[in-house]
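Colleague: This is the structure, below, for whatever I ask next.
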Amino acid sequence: MTLLDDQRQSVSDPRADVPDVGQLPPLGVVPPKMHAQVIRPDRYGDPGTAFQREVVPTPKIGPGEVLIAVMAAGINYNNVWAARGYPVDQVTTRQRRGETEDFHIGGSDASGIVYAVGPDVDNISIGDEVIIHPGVWDENDPWIAAGRDQMIAPSARIWGYDTNYGSFGQFARVQAHQVLPKAPHLTWAEAAAPTLVGTTAYRMLHGWAGNTVQDGDLVLVWGGSGGLGTQASQLVRAAGGRAIAVVSDDERGEYAMKYGAIGYINRREFNHWGIPPLVDDTEGQKAWSASARAFGKKIWEIAGAKEDPAIVFEHPGAATIPTSIFVCRPGGMVTVCAGTTGFDAMVDLRYHWTRQKRLQGSHGTNDAQAAAYNQLVIEGKIDPCVGRVLTIDDIPRAHAEMGRGEEVFGNTVILIGASDPGAGKRS
């Protein structure tokens, strides 16, 4: 992407009307206000009521920032948390850092068109068709200046969750390094669907030296039919590994196999979920272990040998961590990026230290990982797995359903600047 000198400053027309959702002003013309789905602290709670559509000021950008006209946005669990104001009250947290807005515009996935660039941006042009990766940070952070992983830096945040003006408005404010080229063969909806979950999965599988996915590895993928799980299984397959999906019914299992899994386990066939009985509860331990071993034998059955997973791909947390540690092979890794069933997970250390397993937290993405993942998408090696396409007014409902654990296939996408789910694809 090349920036022309006469494109450095966008046009700000105070007379422009607020554009209707599904329409765009002329390229480079930034209206003073926009439509957005907004969370305010006095509405924290059920996402179905915490989000409301409002007209708010269009964000202004700084020297190293870019303004994106959002064509489509993806739904992720992080804005279920934002809507609840738990475990972090994001509005109050940002105000403590000196930000003045008393609202939150979430959304951590976007496809769109560049409408304005800051004066320090020299590799992005107005009119570029792009997607956004969700890692943000202070480029002057001493951690980053020392050459360390950007996403572990003290200043690292998730765009559209920790930051304001994400993808649930008509215009989004991003740091220039987040901007990546859109895959030409994808529609706006398809391009918006997978980046947060895909880059998260890429980091989980490729980011932890000594336990990166290798050719032939067996990987257990929880939530195998969802947005995160379908990306994980495809990435495992692309690396030459074999993914086994864990799902809640056979229909979801078949869907997971469509996107890379070699087989699936229906978790409803087992009953040992949650915190196991204490070690001195002999009968409780016996019952829990029997069900956990049966789960492990199901893995062997699908693998065709007594082979345990080299990597367990985790995000449910409290309900599943004990089983994940139990079935992971000696020297293997359980990598976890969330706790959608709860944060208070228990690890039986007997199966952890004696078999020298790794429990690795993983969060977000750095620039190199995001670019590597996006290249796989551009090359057509990763399907975005669009499950459904909704409107901006469906954002509250979509988050409420996600928060209740009502599973959907693949990724949920919201049309904002685009009015046609098939728009944006180049032949």
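The values are calculated or read from the model by the stated rules, or taken from the named source; none is laboratory data. Treat the numbers as computed from the prediction; the structure is a model and nothing was measured. Reconstructed Cβ throughout: ideal geometry from the backbone, glycine too, with neighbour counts over all protein chains shown. To get the accessible areas, we keep the full protein, side chains included, count just its heavy atoms, and leave off ligands, DNA and RNA. Shrake-Rupley method; radii C 1.70, N 1.55, O 1.52, S 1.80 Å.
Colleague: Sort out which residues of the stretch 402-417 are open to solvent by 10 Å² or more (accessible area, probe 1.4 Å), touching a Gly at 6+ places or on another chain (Cβ under 9 Å) and at pLDDT below 95, and write them in order of number.
Modeller: Listed by number, the residues that qualify are Gly403, Glu407, Val408, Phe409.
Colleague: For the stretch 223-338, please list each of the strands (runs of 3 or more DSSP E) lying entirely inside it that holds at least 1 residues being touching a residue at least 60 places away in the same chain (Cβ under 8 Å) and closer than 26 Å to Thr195 by Cα. Steps first, please.
Modeller: Details: elements: 242-247, 261-266, 311-314, 333-336.
So the answer is 242-247, 311-314, 333-336.
Colleague: Are there any pairs, at least 6 apart or on different chains, whose C-beta atoms fall under 9 Å, with the first in the stretch 66-95 and under 16 Å from Asp46 (Cα atoms) and the second in a loop (DSSP other than H, G, I, E, B) and among the charged types (D, E, K, R), and if so, which?
Modeller: Matching pairs, first to second residue: Asn78/Asp162; Ala83/Asp46; Arg84/Asp46; Val88/Asp162; Gln90/Asp162.
Colleague: Kindly indicate the residue of the stretch 381-399 that is of a type outside the set (Val, Ile, Thr) and open to solvent by 50 Å² or more (accessible area, probe 1.4 Å) and also farthest from the chain's Cα centre (by Cα) among those meeting that condition. Don't jump to the end; show me each part of the working.
Modeller: Step one: list which residues in the stretch 381-399 are of a type outside the set (Val, Ile, Thr), which gives 381, 383-385, 387-388, 390, 393-394, 396-399.
Restricting the remaining residues to those that are open to solvent by 50 Å² or more (accessible area, probe 1.4 Å) gives 381, 383, 388, 393, 397.
Values: Lys381: 18, Asp383: 15, Arg388: 16, Asp393: 21, Arg397: 18 Å.
The qualifying residue farthest from the chain's Cα centre (by Cα) is Asp393.
Colleague: Also, quick follow-up: Kindly provide the set of residues from the stretch 339-378 that are assigned to a loop (DSSP other than H, G, I, E, B) and buried (at least 21 other Cβ atoms within 10 Å of the Cβ), ordered by number.
Modeller: Initial filter on the stretch 339-378 (assigned to a loop (DSSP other than H, G, I, E, B)): 339-349, 354-357, 362-366.
Listed by number, the residues that qualify are Thr340, Ala345, Lys357, Ser362, Gly364, Thr365, Asn366.
Colleague: Given the conditions (1) in a helix (DSSP H, G or I); (2) closer than 27 Å to Val80 by Cα, report the number of the one that Ile382 does not fulfil.
Modeller: (1)
Colleague: Using the structure shown, decide if Glu314 is of a type in the set (Asp, Glu) and touching a strand residue (DSSP E or B) at 6+ places or on another chain (Cβ under 6 Å).
Modeller: Numbers: of a type in the set (Asp, Glu): yes; touching a strand residue (DSSP E or B) at 6+ places or on another chain (Cβ under 6 Å): yes.
So Glu314 passes the test.
Colleague: Quickly run through the stretch 270-325 and pick out the residues that are farther than 27 Å from Gly241 by Cα and open to solvent by less than 30 Å² (accessible area, probe 1.4 Å).
Modeller: Correct list: His272, Gly274, Pro276, Gly284, Gln285, Trp288, Ser289.
Table: residues versus (1) over 24 Å from Asp120 (Cβ atoms); (2) modelled with pLDDT of 50 or more.
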{"site": "Leu3", "(1), (2)": "no, no"}
{"site": "Val11", "(1), (2)": "no, no"}
{"site": "Arg15", "(1), (2)": "yes, no"}
{"site": "Gly22", "(1), (2)": "yes, yes"}
{"site": "Pro26", "(1), (2)": "yes, yes"}
{"site": "Val30", "(1), (2)": "no, yes"}
{"site": "Arg43", "(1), (2)": "yes, yes"}
{"site": "Asp46", "(1), (2)": "yes, yes"}
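Colleague: Take the stretch 46-99 and flag every residue that is open to solvent by 60 Å² or more (accessible area, probe 1.4 Å), in a loop (DSSP other than H, G, I, E, B) and either in contact with a helix residue (DSSP H, G or I) (Cβ under 9 Å, 6 or more places away or on another chain) or acidic (Asp, Glu) (or both).
Modeller: Asp46, Pro87, Glu99
Colleague: Oh, and also: Wholly within the stretch 104-213, which strands (runs of 3 or more DSSP E) include no fewer than the required count, namely at least 3 residues that are open to solvent by less than 10 Å² (accessible area, probe 1.4 Å)?
Modeller: Strands (runs of 3 or more DSSP E) meeting the threshold: 109-117, 129-132, 171-175.
Colleague: Please find, among Gly403, Gly364, Gly342, the residue that is free of Cβ contacts under 8 Å to residues at least 60 places away in the same chain and in contact with a Pro (Cβ under 9 Å, 6 or more places away or on another chain).
Modeller: On the way: Gly403 fails: free of Cβ contacts under 8 Å to residues at least 60 places away in the same chain; Gly364 fails: free of Cβ contacts under 8 Å to residues at least 60 places away in the same chain.
When all the criteria are applied, what remains is Gly342.
Colleague: Still on this model: For the stretch 32-45, what are the residues that are open to solvent by 40 Å² or more (accessible area, probe 1.4 Å) and either in a loop (DSSP other than H, G, I, E, B) or within 10 Å of Ala400 (Cβ to Cβ) (or both)?
Modeller: Our first condition is that a residue be open to solvent by 40 Å² or more (accessible area, probe 1.4 Å); within the stretch 32-45, this holds for 32-33, 40-44.
Result: Pro32, Arg40, Tyr44.
Colleague: Here is a further query. Check off (1) more than 19 Å from Ile395 (Cα to Cα); (2) more than 19 Å from the chain's Cα centre (by Cα) for Met151 and give me the number that stays unchecked.
Modeller: (2)
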